[in-house]
Amino acid sequence: MTPACDGAGAVVVTGGGSGIGAATCRRLATDGRHVVVLDRRGATAASVADEVGGEALALDVADAAGVTEAFAAIAAAHGLSGLVNNAGVGNLKPLESYTDAEVDLIWRVNVTGTFNCLRAAVPWLREAAQRGEGAAAVNVASVSGVRPTRGEAPYSAAKAAVIALTQAAALEWGPAVRVNCVSPGFIRTPLNEVLASDDAMRPGIEQRTPAGRLGTADEVAALIAFLLSDDAGYLTGQNLVLDGGSMLTSAQMDPVLGGLLDMFGASSAG
């Protein structure tokens, strides 16, 4: 770690090596924030950190002791005024086809990992608040945590838990620290590129989405940046759905989700 910098403390972005996490790192750096890119894949974290002039840490968020040690080191070097819990994993298959290992991984990364980072960050976020900085955390959930999705039972349950963790933390940590949640819908990221590029599946999603298209990682990043900023100073304990309005037509989305399960479920079984 380099010596502490002037101004607001660092923002840690978990799962910052790709997709929404990487887009968030870029947006925060553009906004003048010092970014620490945390990802279990050290090479991808380092690549994003080099791009945004930040730092990289290779770490599994499910490692509670490692997370606590890392956050203490970050706070000692830079202070810590923001946290984005973006790290997450999922799968798509019938509920009865999930193995114990798959369910455990989904829960450890999405729920335990989010909890570990919140718990490790809060002492330093409170210190930032005492210094007059706008201390805030943003957790990334999913529309699947609001409206459970066929084929994603463990993931839907995990993201619902992330929303509940957000609300509980906001209750406990206010007024010093604000905690909010973002629930993206169909977002065009590298993980979803197979869907976004499928000329059979994509039009069905677009037609059933009032916005008429898939979202972008940059749009999610912009919302996260807003929630971390002083402009969102009276906003806490909220789950903001960013889905182009697709939940308004959730019943119509069922054939699309069923098609996705048919498309990908068989290949991920076992």
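Note on the stretch 84-115: residues that are over 20 Å from Ala23 (Cβ atoms) and aliphatic (A, V, I, L, M) total 7. Considering only the stretch 153-164, I want to know if a residue exists there that is touching a Gly at 6+ places or on another chain (Cβ under 8 Å), crowded, with 20+ Cβ neighbours inside 10 Å, modelled with pLDDT under 95 and of a type in the set (D, E, K, R). Among the residues of the stretch 153-164, not one is touching a Gly at 6+ places or on another chain (Cβ under 8 Å), crowded, with 20+ Cβ neighbours inside 10 Å, modelled with pLDDT under 95 and of a type in the set (D, E, K, R), which makes the answer no.
I'd like to verify a number: residues in the stretch 123-141 that are out of contact with any helix residue (DSSP H, G or I) (no Cβ under 6 Å at 6 or more places or on another chain) and either assigned to a helix (DSSP H, G or I) or closer than 15 Å to Arg178 by Cβ (or both), how many? The number of residues fulfilling the criteria is 10.
So, Gly54, is that one on the phi < 0 side of the Ramachandran plot and surrounded by 20 or more Cβ atoms within 10 Å (Cβ to Cβ) or not? Yes, satisfied.
Conditions (1) closer than 21 Å to Ala225 by Cβ; (2) crowded, with 16+ Cβ neighbours inside 10 Å, marked per residue:
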residue: Arg41; (1), (2): no, no
residue: Val111; (1), (2): no, yes
residue: Ala121; (1), (2): yes, yes
residue: Trp124; (1), (2): yes, yes
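Only one of the listed residues (Ala101, Ala43, Ala75, Ala64) is hydrophobic (A, V, I, L, M, F, W, C) and either touching an Asp or Glu at 6+ places or on another chain (Cβ under 9 Å) or within 22 Å of Ala232 (Cβ to Cβ) (or both). That residue is Ala75. The numbered conditions (1) at pLDDT below 95; (2) surrounded by fewer than 20 Cβ atoms within 10 Å (Cβ to Cβ); (3) outside any loop (DSSP other than H, G, I, E, B) are all true for Arg147 except (3).
Kindly indicate whether Pro123 is at pLDDT below 95 and on the phi < 0 side of the Ramachandran plot.
Answer is no for this residue.
The values are calculated or read from the model by the stated rules, or taken from the named source; none is laboratory data. Just so it is clear, the model here is predicted, and its values are computed rather than measured. Cβ: placed from backbone, ideal geometry, glycine included. Neighbour counts: every protein chain shown.
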